[in-house]
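Contents: one structure, followed by commentary.
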Amino acid sequence: MWDKDFWNVTWSRPYGRYNSHHQKVWEVISPLVRGKVVDLGCGTCLIYKGKDVNLTGVDFSREGLNQAKINYPKGKYILADALNTGLSSKEYNTCMILGLLDYFENWEDILKEARRLVISGGFIIATLLNGFEGHNWTKYEHLVSNWYLYKEKII
């Protein structure tokens, strides 16, 4: 259902604008965002618009990456599967997974890739939509509306 074709069609439509949800999420996560950042499932990169982030965005949707280049032209973008990016290990200070965990029943595979990419002392930051895929994320920090925050410091 959520294959490349689905996301290419989704991202080819006007996605919208930077809104209050994006702003609230950024306010909470920005203190953890430092150094080299990799965003797994970056989509349109709307959250980075107007920011100054050393970003590598990874998505398997070509159209998502086309929109990302418009919304955040400073980024470097890679067409790849977030589960197997092909990027070098321990190269990033921060790994963002914004809205992507929602599409996995089992998060371990994508978290394994994120942990591989992040240096010791860095962070994995993910947003979660409560109730999606049957998960209950209310044990995590509440951000805004029904969005929650997963964060993990890499040891």
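For region 93-102, does any single residue satisfy the condition of being at pLDDT 95 or above, part of a helix (DSSP H, G or I), of a type outside the set (Lys, Arg) and under 15 Å from Ile154 (Cα atoms)? Please lay out each step first, then the result.
Initially, region 93-102 is screened for residues at pLDDT 95 or above, giving 93-97.
The next check asks that each one be part of a helix (DSSP H, G or I); those that pass are none.
No: zero hits.
Applying the selection to region 1-46, what residues are outside any loop (DSSP other than H, G, I, E, B), hydroxyl-bearing (Ser, Thr, Tyr) and either surrounded by 14 or more Cβ atoms within 10 Å (Cβ to Cβ) or at pLDDT below 90 (or both)? Quick ask: steps written out before the conclusion?
Narrowing region 1-46 to residues outside any loop (DSSP other than H, G, I, E, B): 4-12, 20-32, 36-40, 46.
Applying the additional criterion that residues be hydroxyl-bearing (Ser, Thr, Tyr) yields 10, 12, 20, 30.
Within region 1-46, Thr10, Ser12, Ser20 meet the criteria.
Restricting to region 47-84, and then to whatever is in a helix (DSSP H, G or I) and in contact (Cβ under 8 Å) with a residue 40 or more places away in the chain, can you tell me which residue is nearest to Phe104 (Cα to Cα)? Give the steps one after another, and end with the answer.
Going residue by residue through region 47-84, those that are in a helix (DSSP H, G or I) are 47-48, 62-71.
Add one more test, that the residue is in contact (Cβ under 8 Å) with a residue 40 or more places away in the chain, and what stays is 47, 62-64, 66-67.
Numbers: Ile47: 22, Arg62: 21, Glu63: 21, Gly64: 19, Asn66: 24, Gln67: 24 Å.
The selected residue is Gly64.
Mind listing just one residue for me: the one in region 97-114 that is out of contact with any helix residue (DSSP H, G or I) (no Cβ under 6 Å at 6 or more places or on another chain) and charged (D, E, K, R) and, of those, surrounded by the most Cβ atoms within 10 Å (Cβ to Cβ)?
Among residues in region 97-114 that are out of contact with any helix residue (DSSP H, G or I) (no Cβ under 6 Å at 6 or more places or on another chain) and charged (D, E, K, R), the one surrounded by the most Cβ atoms within 10 Å (Cβ to Cβ) is Glu113.
Pairs under 9 Å by beta carbon, first residue in contact (Cβ under 8 Å) with a residue 24 or more places away in the chain and more than 17 Å from Ile97 (Cβ to Cβ) in region 141-155, partner basic (Lys, Arg) and surrounded by 13 or more Cβ atoms within 10 Å (Cβ to Cβ), six or more apart or different chains?
Pairs found: Val144/Lys24; Ser145/Lys24.
Taking the condition surrounded by fewer than 19 Cβ atoms within 10 Å (Cβ to Cβ), under 19 Å from Tyr103 (Cβ atoms) and among the basic types (Lys, Arg), does Arg62 pass?
Spelling it out, Arg62 is indeed surrounded by fewer than 19 Cβ atoms within 10 Å (Cβ to Cβ), under 19 Å from Tyr103 (Cβ atoms) and among the basic types (Lys, Arg).
Condition first: in contact (Cβ under 8 Å) with a residue 60 or more places away in the chain, over 14 Å from His135 (Cα atoms) and of a type in the set (Ser, Thr, Tyr). Now tell me which residues in region 85-120 satisfy that.
The one that is in contact (Cβ under 8 Å) with a residue 60 or more places away in the chain, over 14 Å from His135 (Cα atoms) and of a type in the set (Ser, Thr, Tyr): Thr94.
Against the condition surrounded by 23 or more Cβ atoms within 10 Å (Cβ to Cβ), hydrophobic (A, V, I, L, M, F, W, C) and in contact with a Gly (Cβ under 9 Å, 6 or more places away or on another chain), how does Val53 come out, does it pass?
Against the criterion (surrounded by 23 or more Cβ atoms within 10 Å (Cβ to Cβ), hydrophobic (A, V, I, L, M, F, W, C) and in contact with a Gly (Cβ under 9 Å, 6 or more places away or on another chain)), Val53 does not qualify.
The values are calculated or read from the model by the stated rules, or taken from the named source; none is laboratory data. None of these values were measured; they are calculated from a predicted model. Positions of Cβ are backbone-derived with ideal geometry, glycine not excepted, and every protein chain shown enters the neighbour counts.
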